[in-house]
Amino acid sequence: MTDRTSAPIALLQRWETFCAAHRLYDERMTPEQNDALYGPCAREFGHGHNYRIGVTLKGGVDARTGMIVNITEIKQAVQELILDDMDHRHLNHDSRLMRGINPTAENLAVVCWTVLHERFGALLHEVQIEETANNLVIYRGERG
Ligand SMILES: [Zn+2]
């Protein structure tokens, strides 16, 4: 029998896109080792990606609004907290959030999680960073 006394728990997901350049390069390694590890991302002047960021909240569906949160809150948070800092920027040189951080998709996901967690708290379930149509990182705040 369906329990109608407690709120159903659902996932709410919003995707946004941004364009940014980066260079993945470790000065402790030779150029050949960097090429082998990072491929085209190690190019001397960097290169660009058309990134997609997926943000998933998990929470109770409010009986009055029928929503977990208004999805425009996610859209606005991603714009203000992330896209204003990263969109059409070089992540190695021109992003406050990524300063001093190797701009891999994994590190992007962790940084985006951190700023979104400050906004959404326990509602934040998952951040996805799609670097190419073939490469996707998922981060859920776990450490270990
Ligand atoms: Zn790249």
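Checking each residue in segment 114-128 for being under 12 Å from Val78 (Cβ atoms) and either part of a helix (DSSP H, G or I) or within 16 Å of the ligand (Cβ to nearest atom) (or both) picks out Val115, Leu116, Arg119, Phe120. Based on this model, can you work out whether Glu106 counts as part of a helix (DSSP H, G or I), closer than 21 Å to Glu16 by Cα and within 13 Å of the ligand (Cβ to nearest atom)? Yes. Tallying residues that are under 19 Å from Val115 (Cβ atoms) and within 13 Å of the ligand (Cβ to nearest atom) within segment 29-60 yields 1.
I'm checking my understanding of the structure. Among residues of segment 44-91 that are assigned to a strand (DSSP E or B) and over 14 Å from the mean Cα position of the chain (by Cα), which one is farthest from Phe18 (Cα to Cα)?
Just the residues of segment 44-91 that are assigned to a strand (DSSP E or B), to begin with: 47-60, 89-90.
Narrowing the set further to residues that are over 14 Å from the mean Cα position of the chain (by Cα) leaves 47-48, 58-60, 89-90.
Working: His47: 14, Gly48: 10, Lys58: 24, Gly59: 27, Gly60: 30, Arg89: 9, His90: 12 Å.
So, considering only residues that are assigned to a strand (DSSP E or B) and over 14 Å from the mean Cα position of the chain (by Cα), the one farthest from Phe18 (Cα to Cα) is Gly60.
Considering only residues of segment 7-23 that are within 16 Å of the ligand (Cβ to nearest atom) and touching a helix residue (DSSP H, G or I) at 6+ places or on another chain (Cβ under 6 Å), which is nearest to Gly60 (Cα to Cα)? Per the stated criteria, the residue is Phe18.
Restricting attention to segment 107-130, the residues that are within 14 Å of Leu97 (Cα to Cα) and β-branched (Val, Ile, Thr) add up to 4. Taken as a whole, the condition of being within 16 Å of the ligand (Cβ to nearest atom) and at pLDDT below 95 applies to Asp26.
Within segment 44-54, the presence of at least one residue that is surrounded by 12 or more Cβ atoms within 10 Å (Cβ to Cβ), of a type in the set (A, V, I, L, M, F, W, C) and closer than 16 Å to Leu124 by Cβ is confirmed. For segment 1-24, the set of residues classified as of a type in the set (D, E, K, R) and assigned to a strand (DSSP E or B) consists of Arg14, Glu16, listed by residue number.
Could you go through segment 66-80 and let me know if any residue there is within 15 Å of the ligand (Cβ to nearest atom) and more than 22 Å from Glu142 (Cα to Cα).
No, segment 66-80 contains no residue that is within 15 Å of the ligand (Cβ to nearest atom) and more than 22 Å from Glu142 (Cα to Cα).
For beta carbons closer than 8 Å, sequence separation of 6+ or different chains, a first residue in segment 115-138 that is touching a residue at least 12 places away in the same chain (Cβ under 8 Å) and within 18 Å of Arg52 (Cα to Cα) and a second that is within 16 Å of the ligand (Cβ to nearest atom) and among the basic types (Lys, Arg), the qualifying pairs are Gln128/Arg52; Ile129/Arg52; Glu130/Arg52. Close Cβ contacts (under 6 Å, 6 or more residues apart or on different chains) running from residues in segment 19-44 that are without any contact (Cβ under 8 Å) to a residue 60 or more places away in the chain and hydrophobic (A, V, I, L, M, F, W, C) to residues that are more than 9 Å from the ligand (Cβ to nearest atom) and outside any loop (DSSP other than H, G, I, E, B) comprise Ala42/Asn34; Ala42/Asp35.
Taking segment 25-38 as the range and being assigned to a helix (DSSP H, G or I) and exposed (fewer than 11 other Cβ atoms within 10 Å of the Cβ) as the test, the residues that pass are Pro31, Glu32.
The values are calculated or read from the model by the stated rules, or taken from the named source; none is laboratory data. Remember, it's a predicted structure, so these values are computed and weren't measured experimentally. Ideal geometry is used to build each Cβ from the backbone, glycine not excepted, and the neighbour counts take in all protein chains shown.
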